[in-house]
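The values are calculated or read from the model by the stated rules, or taken from the named source; none is laboratory data. Because the structure is predicted, anything quoted here is derived from the model rather than measured. Cβ placement follows ideal geometry from the backbone for every residue including glycine, while neighbour counts extend to all protein chains displayed. Just the protein is used for accessible areas: all its heavy atoms, side chains included, with ligands, DNA and RNA removed. Shrake-Rupley method; radii C 1.70, N 1.55, O 1.52, S 1.80 Å.
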Amino acid sequence: MTTATIADPNRRLLRGLIGILSASAASLSANRVLSIALPWFVLTTTGSITKTGLVAFCQVLPYVISQALSGPIIDRVGPKRISVLGDLVSMTAMAIAPLLYLGGALSFPVLLGLMAVIGIADGPANGAKGLFLPGATRAAKVSIERGTGLCAVVERTATTVGPALAGVVVASFGSVFALWVTASLFALSALVVSTTLSNPVPEPHEAPTAQDAGYFTRLREGADFLRSAGLLRSIILMLAATNLLDQTFMSVLLPVWAKHSGNGAEAIGLVVSVFAATSIIAALVAAGFAERLPRRTVYLVGFVIGGIPRFVAMAAGVPLWGVLVVLAAGGLGSGFVNPILGAVTYELIPTALLGRVKTLAQAVTWAGIPFGGLVGAGLVTLAGVSGALWIVGGLYLVAIVVPGLSGDWSGMRKQQGAADGEAASEIGTGAETGAGTGAGTETGSGAEEAAGTTGSSNGTTTGTTVPELAST
């Protein structure tokens, strides 16, 4: 064997990091385009609002269930195979829909079935993509905070650009062509994963898990770990609460406020766009500097700024320009939260358990989202628009601050083993400087994101959550 064939341990390998960011961008963009193109396609072809809502439901429900149950299979088979297979199935189902429509053979029940297939395939595929990041950041010799920060940038950019792209495509070429675009993006995601990524390998110090364990044994191991990890459990419950409140805000409070304030539907788009734009900027900054910042302080300050002032401004009757200023500041605050929480999550979960723990965590954080609209409607009925905004804002503050001040959250500090790993990397290579260090960031904890995720609680909300734990 020649020296040329021996891998250089000090070499920075960016292939995996670029691959996971590119695959996530393609997959997230596919979902964002679909979220606009599909309802418009159903509405224009059937004229039924009920059918429009039903087709989305038939995709989302299977997505949530399949992702929650896929963790043990992902850990056993490997995330690469699950991700590629899921994207290819989604691509095929997505391409069949316009083909049948153009041939006059697409009935509504068939469309519902195709969307269910996409949900079943896409849930595990997106869950699997989150498992590549720790190894990719180690190979690239960057910190996990930088990796999660870049993932947050990708998620928020897809959230901003995807719907706009869908609108342009639908307006210029029709909704059927937008479905072809969605299928192409799924195919691109599968291609990137298959050619650039490898299954993650557990760290040498991590305790091995039984490879011959059955499905339900693996599922129980994930649930047991989730119950026993106090900080991780607290983060997940907090995200579940804020996701519910974010959905309440987006599905009911924001549109009702826009109507009652006289700002109109245009205000909804402005609110979401302004928040998303500044959060992208903040996530970029966080990708470069989050590893140097105190995690607990950044979490509390960023989450409070990103979550609370919008409710106060709208409830107090602040003019639209003032609300937009508040949302712009909120986006800047929220952009720092996901890299911090994402890094903590990876450090807490051993590599061998990542699939089953993260997919279960995702299901918990999604649990309240279906009820957000009902909660918002009930609060507006009982307390009016302003009263509902004050109530939800107060609950949001409690959901953030109470767990953030508890003793468990002192564990948000970067673990000593991780810090020592970074220091060793700097000394050993002599090539890493400042924020570019971090080859050993996760070696102390055994694990190192929306996926995102998901950023906010879904692709269109102004909430602040970990993309891969709570992104819808």
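The one condition from (1) at pLDDT 90 or above; (2) surrounded by fewer than 22 Cβ atoms within 10 Å (Cβ to Cβ) that MET91 does not meet is (2). Selection of helices (runs of 4 or more DSSP H) fully inside the stretch 213-299 by the criterion of at least 2 residues being hydroxyl-bearing (Ser, Thr, Tyr) and either buried (at least 23 other Cβ atoms within 10 Å of the Cβ) or within 21 Å of the chain's Cα centre (by Cα) (or both) returns 230-248, 265-289. Picking from residues in the stretch 106-151 that are small (Gly, Ala, Ser), at pLDDT 90 or above and open to solvent by 10 Å² or more (accessible area, probe 1.4 Å), the one that is nearest to the chain's Cα centre (by Cα) is ALA121.
Residues checked against (1) under 14 Å from ALA267 (Cβ atoms); (2) in contact with a helix residue (DSSP H, G or I) (Cβ under 6 Å, 6 or more places away or on another chain); (3) open to solvent by 10 Å² or more (accessible area, probe 1.4 Å):
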| position | (1), (2), (3) |
| --- | --- |
| ILE305 | no, yes, yes |
| ARG310 | yes, yes, no |
| LEU327 | yes, yes, no |
| GLY330 | no, yes, no |
| GLY335 | no, yes, no |
| ILE340 | no, yes, no |
| TYR346 | no, yes, no |
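Criterion first (touching a Leu at 6+ places or on another chain (Cβ under 8 Å), of a type outside the set (Val, Ile, Thr) and open to solvent by 30 Å² or more (accessible area, probe 1.4 Å)) does LEU374 satisfy it? For LEU374, the condition - touching a Leu at 6+ places or on another chain (Cβ under 8 Å), of a type outside the set (Val, Ile, Thr) and open to solvent by 30 Å² or more (accessible area, probe 1.4 Å) - is not met. Taking the stated definitions as given, is ARG156 within 30 Å of PRO350 (Cα to Cα), of a type in the set (Lys, Arg) and open to solvent by less than 50 Å² (accessible area, probe 1.4 Å)? Taking the combined requirement at face value, the residue satisfies it.
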